[in-house]
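K.L.:
Let me give you the structure first, and then I'll get to my questions.
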């Protein structure tokens with residue numbers, strides 16, 4: 001992908017996940033924020049991985065690789081591809097998966113840009129806790145869903161989760177973190193992210209959408225990729 005296809009906001013957001021941030025991510029996000037700020041326990045999101053992972057899987061924005069390390073795969077030898085703008089997250093995830101005998105391939109790319117068709121099609125594609133970090137409205141973010149649909153196999157699934165910014169009951173901790181992450185830190189871009197907008201964007205790219213809101217988190221699985 002060309003440099004012009006990546007906005008400055010995306011670059012800035014990806015750069016925040018440096019070695020220091022990744023070192024504390026599992027503790028702050030997986031152990032604390034998921035349950036106490038967002039009302040969606042990490043175990044619930046891991047179960048979503050277990051239910052949807054395919055033998056050939058693309059993980060967009062893998063973070064620290066915690067979910068991929070602890071997930072239950074449908075085969076003893078899964079083929080995993082990682083995609084991110086930040087090489088640090090892919091490097092950490094690769095090292096974690098080595099302990100399970102999985103050697104993923106890494107691909108630098110933005111969720112808002114076309115995905116290299118040379119990667120082939122995937123049984124499953126995940127974007128877990130990614131979309132609330134992506135700049136733009138749902139109409140703009142939804143362009144990424146069309147790119148994902150292009151690499152999802154006909155019988156495959158696109159699944160993930162995202163923290164909604166409006167239309168859900170944020171508790172005081174969640175409100176404080178949203179204000180911090182959308183404001184000074186510029187980690188989130190989800191102030192106007194709502195359930196209806198997400199469903200509309202997913203429906204435009206997939207024939208069937210299953211979406212459940214857990215706490216303030218939309219947990220989704222979309223099937224039947226719409227072809228141009």
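K.L.:
When only residues in the range 175-190 that are assigned to a helix (DSSP H, G or I) and under 20 Å from the mean Cα position of the chain (by Cα) count, which is surrounded by the fewest Cβ atoms within 10 Å (Cβ to Cβ)? Full working, then the answer.
P.N.:
Of the residues in the range 175-190, the ones assigned to a helix (DSSP H, G or I) are 175-182.
Subsequent filtering for residues that are under 20 Å from the mean Cα position of the chain (by Cα) retains 177-178, 181-182.
On the way: 177: 21, 178: 22, 181: 19, 182: 16.
Result: 182.
K.L.:
Can residue 73 be described as modelled with pLDDT of 95 or more and within 13 Å of the chain's Cα centre (by Cα)?
P.N.:
On the way: modelled with pLDDT of 95 or more: yes; within 13 Å of the chain's Cα centre (by Cα): no.
Considered against the rule, which asks whether it is modelled with pLDDT of 95 or more and within 13 Å of the chain's Cα centre (by Cα), residue 73 comes out as no.
K.L.:
Filter the range 34-65 down to the residues that are part of a helix (DSSP H, G or I) and surrounded by fewer than 20 Cβ atoms within 10 Å (Cβ to Cβ) and list them by number.
P.N.:
35, 36, 42, 43, 44, 46, 47, 50, 51
K.L.:
Here is a list of conditions, (1) within 16 Å of the chain's Cα centre (by Cα); (2) closer than 19 Å to residue 114 by Cα, and residue 224 meets all of them except one; can you say which number that is?
P.N.:
Going through (1) within 16 Å of the chain's Cα centre (by Cα); (2) closer than 19 Å to residue 114 by Cα one by one, residue 224 breaks only (1).
K.L.:
Of all residues in the range 16-26 being more than 17 Å from the chain's Cα centre (by Cα) and part of a helix (DSSP H, G or I), which is modelled with the highest pLDDT?
P.N.:
Among them, the one singled out is 24.
K.L.:
Which one is surrounded by the most Cβ atoms within 10 Å (Cβ to Cβ) among residues in the range 106-132 that are farther than 21 Å from residue 88 by Cβ and touching a helix residue (DSSP H, G or I) at 6+ places or on another chain (Cβ under 7 Å)?
P.N.:
By that ranking, first place goes to 125.
K.L.:
For the range 87-105, give me each residue that is farther than 15 Å from residue 69 by Cα and surrounded by 15 or more Cβ atoms within 10 Å (Cβ to Cβ).
P.N.:
The answer is 88, and nothing else.
K.L.:
If only one of 80, 6, 29 is surrounded by 17 or more Cβ atoms within 10 Å (Cβ to Cβ), at pLDDT 95 or above and touching a helix residue (DSSP H, G or I) at 6+ places or on another chain (Cβ under 9 Å), which one is it?
P.N.:
80
K.L.:
Have a look at 172, 135 and point out the one that is out of contact with any strand residue (DSSP E or B) (no Cβ under 8 Å at 6 or more places or on another chain), within 25 Å of residue 64 (Cβ to Cβ) and either crowded, with 16+ Cβ neighbours inside 10 Å or at pLDDT 95 or above (or both).
P.N.:
135
K.L.:
Please tell me if residue 68 is closer than 27 Å to residue 174 by Cβ, within 15 Å of the chain's Cα centre (by Cα) and at pLDDT 95 or above.
P.N.:
yes
K.L.:
Answer yes or no as to whether residue 228 is at negative phi, at pLDDT below 95 and touching a helix residue (DSSP H, G or I) at 6+ places or on another chain (Cβ under 8 Å).
P.N.:
On the way: at negative phi: yes; at pLDDT below 95: yes; touching a helix residue (DSSP H, G or I) at 6+ places or on another chain (Cβ under 8 Å): no.
So residue 228 does not fit the description; no.
K.L.:
Of the residues 146, 153, only one is surrounded by fewer than 20 Cβ atoms within 10 Å (Cβ to Cβ), more than 14 Å from the chain's Cα centre (by Cα), assigned to a helix (DSSP H, G or I) and modelled with pLDDT of 95 or more; which?
P.N.:
Numbers: 153 fails: assigned to a helix (DSSP H, G or I).
Only one candidate qualifies: 146.
The values are calculated or read from the model by the stated rules, or taken from the named source; none is laboratory data. The structure displayed is predicted, hence computed values, not measured ones. Note that each Cβ is placed from the backbone with ideal geometry, even for glycine, and that neighbours are counted across all protein chains shown.
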